[in-house]
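I have placed the structure first, in the form of structure tokens, so that the comments after it can refer back to it.
The values are calculated or read from the model by the stated rules, or taken from the named source; none is laboratory data. Just so you know, these numbers come straight off a predicted model, no measurement behind them. As a convention, Cβ positions derive from the backbone with ideal geometry for all residues, glycine included, and neighbour counts pool all protein chains shown. Heavy atoms of the whole protein, side chains included, go into the accessibility calculation; ligands, DNA and RNA do not. Shrake-Rupley method; radii C 1.70, N 1.55, O 1.52, S 1.80 Å.
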Amino acid sequence: NGSTQNGATDTSGVGLWCYSDGEASLAVRKELANGPVTVSLVGYSLTYNTLDNNRLPTSGLWAELKQDFAGVGGDVNFIRTTVDARKYYEVFSDVIGVLRGQAGNIAGWGSKDLRMLDHFQMGPNLVRGFAPAGIGPRDQTSGTTNDALGGTLYWGASAEVQTPLYFLPKEIGIKVAAFADAGSLWDYRGPTSWDRTGETLTVSDTAGVRSSVGVGLLWDSPLGPLRFDFAYPITKESYDRTQIFRFSGGAKF
């Protein structure tokens, strides 16, 4: 009993117009069928900073721990913890090394299951060379659009060297970088079946390491820090989605 829109059939059977003509993942459609929810949370962050320059650091350590507690009222219960740390140091004159580590966990508590929509979604923010939501557990059910499902655990590590372009004045603020990234996202905890439709979900979920190498162009522009990265995946799962080029702005170098 699907509905129609512009001559197309909604095969979701949930009375909602889901994207991709109702072929979205069971997990997505089941969450949408539950209707609106209220998320009420409190959180805190702890930051340690010894950087010599917050905009263009060349030495020092920046580290941050964040925790959010959902369930202070509302319809959703979870505890989310993330850690991000970056170490800057001078390798040679005008050559800066950057080491970065990331990790995260989200877990439900009480009698409420953890929603798929609250899982981490990772891509170039963890390993460059992958598309947004391109890493981690994925719906592999036949006939679907193979949506990313997200995971509850992740880690990431990267090493990078940065140096100015010597044939340009330093005042222009342009650097080149070479980097290597590695990381993983896994442990899907969302729904895998739906009694309402009799469907089951085929999930590909592994803690296998994704890695890449690449080069970047960094510009301390008048509008703020800008990055242009080209990355090539070295190790990946067959269902991951890749993205060679990435533009980003406003983040730490």
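Tabulated data for the structure shown
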{"read-out": "Pair N34, A103: separation of 7 Å Cα→Cβ label points (nm)", "value": "2.8 nm"}
{"read-out": "Estimated FRET transfer efficiency when R0 is 25 angstrom, pair S45-D113 (beta carbons, to 0.05)", "value": "0.40"}
{"read-out": "The stretch 177-253: relative contact order as a whole-number percent, Cα under 8 Å and 6+ apart", "value": "27 percent"}
{"read-out": "Residue (of P169, F228, F245) at the positive-pole extreme of the stretch 130-253, dipole from beta-carbon charges", "value": "P169"}
{"read-out": "Computed over the stretch 89-155, Kirkwood Rh from alpha-carbon pairs, angstrom", "value": "14.5 Å"}
{"read-out": "Environment charge of T82, counting only residues whose C-beta is closer than 10 Å and scoring Lys/Arg +1, Asp/Glu -1", "value": "-1"}
{"read-out": "Fraction of accessible area attributable to carbon and sulfur, the stretch 93-144 (%, probe 1.4 Å)", "value": "53 percent"}
{"read-out": "Given [x] -0.71, -1.11; [y] -0.59, -1.16; [z] -0.59, -1.04, the label whose value is log10 I(q)/I(0) by the Debye sum over Cα atoms at q = 0.11, 0.15 Å⁻¹ derived from this model", "value": "[x]"}
{"read-out": "N54 versus Y232: modelled label distance in nm, points set 7 Å from Cα along the beta carbon direction", "value": "3.9 nm"}
{"read-out": "F247-V95 FRET efficiency (beta carbon distance; Förster radius 25 Å; 0.05 resolution)", "value": "0.55"}
{"read-out": "Label-point separation, A178 to V209 (7 Å along Cα→Cβ), nm", "value": "2.0 nm"}
{"read-out": "Extended-chain gain in nm, criterion 0.36 nm per residue less alpha-carbon gap, T81 and L217", "value": "45.8 nm"}
{"read-out": "Under 13 Å from the Cα of K66 - aspartates and glutamates, other chains or at least 8 residues apart", "value": "D84"}
